[in-house]
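Q: Pasting a structure below so you can have a look.
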Amino acid sequence: MDLDLPESAIAVRDGVAAVAARYDHAYWSRCEEEHRFPQEVFDDLGRGGWFGLCVPEEYGGGGQGLLELAVANETLCASGGVAGTFFYVTTPGFGAMTLTRHGTEEQKQRILPGLADGSIQFCLALTEPDAGSNAIEIKTRARRADDGTGDFLIKGQKVWISNVENADWMIAVTRTISAAETREHGLPRTAGFTLVLVDVKEALAAGTLTYTPIPKMGSNILASSQVFFDDVRVPASNVIGEVDAGFGVLWDVLNPERILAAAGGVGAAEAALRIASEYAREREVFGRPIGANQGIQFPLAQIKAKTELGRLMTYKAAWLFDQGRPCGNEANVAKLTGAQVAWEAADQAFQTLGGMAYSKEYPVERIFRDARIGKNIPVAEQLVLAHIGTSMLGLPKSY
């Protein structure tokens, strides 16, 4: 359904679909079973420029926006590569979008061409063991080295950081003024944040950055890791935005993340619905297809309606972002609905296939596992509801 999308977004949808069609459910399931990065898909998308959509043309990209990026992510996930949503969240979302909007000219020239052609990968290090949803309380500290270079030394720990093992660059969210110091000196709670670019391979080679993958239920095409910073040295030229004033940049990272996650959820729902509908058309019980039974048909139809609504809100949020207009409310509503419909679709597909859904012969069990995490990341469903309650309904804050 084109929904009056601009021609650029329709071209992206068709182009990504053509790449994705070369990789079936069996391919994605093998990668999941082997805990293997789908390098072939990533390389194909990179060669086609599908990761450089929002990189300005002068740096080798497509010069497009978050709407086109969301459409690309939705299309990839709808093809069956549900965990492939991380492709678009980590590298073009965290990397290209952030540097395009907030990077220095030197940072753009150094990194954006590689993001545009798929030769550079990114990750974001924000969440900590004691500061997940409450990012204000992060403790990872960046302090100036005492050797007069102006370099920063980063020390601390992060958790649930995706794609460290493949990343060339990491955006590390640090405190240059601790949360306790902001309270002590009467500063705003959001003061003292500094976002810095970390050369991952250089820091790993130096032994100052280490990571440990976390065994997890699904989405094993990428690791999610604990990350440890032991005086990781970064030059001052790697700061994104301004020292001590990085929270505004961070928020400009988190809204696109939620919108891209929503797009992935809509795509996941389409993938699950397609499998369930095909099975319901072909599987006969008591002399007729089970899809003729309203007990099967109506739940799937209800989820299809929700999927269309989720898509509309996702596109609206992305469009507002591209127009430079406030989109926080829309990004949160899109994230909520996208995550919910992905899970409902996966669950109903499981029910539609009955016992066969439990078999790895079908990809439903993989989509079921991959879809569930969307209700928790990139922000917990309860906090999204709290935002909607306070920001959109004007209700008292509950935390």
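The values are calculated or read from the model by the stated rules, or taken from the named source; none is laboratory data. Remember, it's a predicted structure, so these values are computed and weren't measured experimentally. Glycine also receives a Cβ, built like all others from the backbone with ideal geometry; neighbour counts cover every protein chain displayed.
Q: Before we move on, is ALA261 closer than 20 Å to VAL89 by Cα and among the hydrophobic types (A, V, I, L, M, F, W, C)?
A: Yes; evaluated as a whole, the condition is true for this residue.
Q: Can you find, within the range 284-327, the residue that is nearest to MET392 (Cα to Cα) among those that are in contact (Cβ under 8 Å) with a residue 60 or more places away in the chain and surrounded by fewer than 19 Cβ atoms within 10 Å (Cβ to Cβ)?
A: Across the range 284-327, the extreme among qualifying residues is LEU312.
Q: Let me spell it out: the conditions are (1) on the phi > 0 side of the Ramachandran plot; (2) in the same structural domain as THR307 (by TED's automatic domain parsing); (3) not hydrophobic (A, V, I, L, M, F, W, C), and ARG281 meets all of them except one. Which number is the exception?
A: Just one mismatch for ARG281, condition (1).
Q: Something else now. Of SER398, SER359, which residue is over 16 Å from ALA268 (Cα atoms) and in the same structural domain as ALA269 (by TED's automatic domain parsing)?
A: Unique residue meeting the criteria: SER359.
Q: So, one more: For the range 352-382, name all the residues that are outside any loop (DSSP other than H, G, I, E, B), within 14 Å of the chain's Cα centre (by Cα) and over 12 Å from GLY218 (Cβ atoms).
A: LYS375 - this is the single residue of the range 352-382 that is outside any loop (DSSP other than H, G, I, E, B), within 14 Å of the chain's Cα centre (by Cα) and over 12 Å from GLY218 (Cβ atoms).
Q: Return only the number of the condition from (1) within 14 Å of the chain's Cα centre (by Cα); (2) in the same structural domain as ARG311 (by TED's automatic domain parsing) that ILE290 does not satisfy.
A: (1)
Q: With respect to GLY324, determine if the residue is in a helix (DSSP H, G or I) and out of contact with any Leu (no Cβ under 6 Å at 6 or more places or on another chain).
A: When the stated conditions are applied, GLY324 does not pass them.
Q: Restricting attention to helices (runs of 4 or more DSSP H) lying wholly within the range 67-184, give those where 2 or more residues are more than 22 Å from GLY248 (Cβ to Cβ).
A: In the range 67-184, the matching helices (runs of 4 or more DSSP H) lie at 85-88, 105-116.
Q: Further question on the same structure: Taking the conditions exactly as written (touching a Phe, Trp or Tyr at 6+ places or on another chain (Cβ under 7 Å) and either more than 24 Å from ARG110 (Cβ to Cβ) or among the polar types (S, T, N, Q) (or both)), does ILE177 satisfy them or not?
A: It is false that ILE177 is touching a Phe, Trp or Tyr at 6+ places or on another chain (Cβ under 7 Å) and either more than 24 Å from ARG110 (Cβ to Cβ) or among the polar types (S, T, N, Q) (or both).
Q: If you don't mind, another one. Please verify whether GLU330 is at pLDDT below 95 and either part of a helix (DSSP H, G or I) or out of contact with any helix residue (DSSP H, G or I) (no Cβ under 9 Å at 6 or more places or on another chain) (or both), treating the condition exactly as stated.
A: no
Q: Also: Consider ALA179 against the criteria (1) buried (at least 17 other Cβ atoms within 10 Å of the Cβ); (2) modelled with pLDDT of 95 or more: it satisfies all of them except one. Which criterion is unmet?
A: (2)
Q: Being among the hydrophobic types (A, V, I, L, M, F, W, C) and closer than 22 Å to ALA78 by Cβ narrows it down to one of ALA331, ALA380, ALA386, so name that one.
A: After applying the criteria, what remains is ALA331.
Q: Another question, then. For the range 349-398, which residues satisfy the criterion of being polar (S, T, N, Q), without any contact (Cβ under 8 Å) to a residue 60 or more places away in the chain and out of contact with any Leu (no Cβ under 9 Å at 6 or more places or on another chain)?
A: The answer is GLN351, ASN376, GLN382, THR390, SER398.
Q: Next up: Any idea which of (1) of a type in the set (D, E, K, R); (2) in a loop (DSSP other than H, G, I, E, B); (3) within 14 Å of ALA261 (Cα to Cα) is the one ARG311 doesn't satisfy?
A: (2)
Q: Enumerate the pairs (first residue in the range 132-144 and in the same structural domain as VAL173 (by TED's automatic domain parsing) and without any contact (Cβ under 8 Å) to a residue 24 or more places away in the chain; second residue anywhere and part of a loop (DSSP other than H, G, I, E, B) and surrounded by fewer than 18 Cβ atoms within 10 Å (Cβ to Cβ)) with beta-carbon separation below 7 Å, excluding pairs fewer than 6 apart on the same chain, so at least 6 apart or on different chains.
A: Listed pairs, sorted by first residue: ARG144/GLY150.
Q: Same structure, new question: What's the total number of residues in the range 181-228 that are touching a Leu at 6+ places or on another chain (Cβ under 6 Å) and more than 23 Å from GLN107 (Cβ to Cβ)?
A: Number of matching residues: 0.
Q: Checking the condition assigned to a loop (DSSP other than H, G, I, E, B) and not hydroxyl-bearing (Ser, Thr, Tyr), which residue from GLY49, GLY15 passes?
A: GLY49
Q: Among what's in the range 121-137 and is modelled with pLDDT under 95 and aliphatic (A, V, I, L, M), pick the residue that is surrounded by the fewest Cβ atoms within 10 Å (Cβ to Cβ).
A: So, considering only residues that are modelled with pLDDT under 95 and aliphatic (A, V, I, L, M), the one surrounded by the fewest Cβ atoms within 10 Å (Cβ to Cβ) is ILE136.
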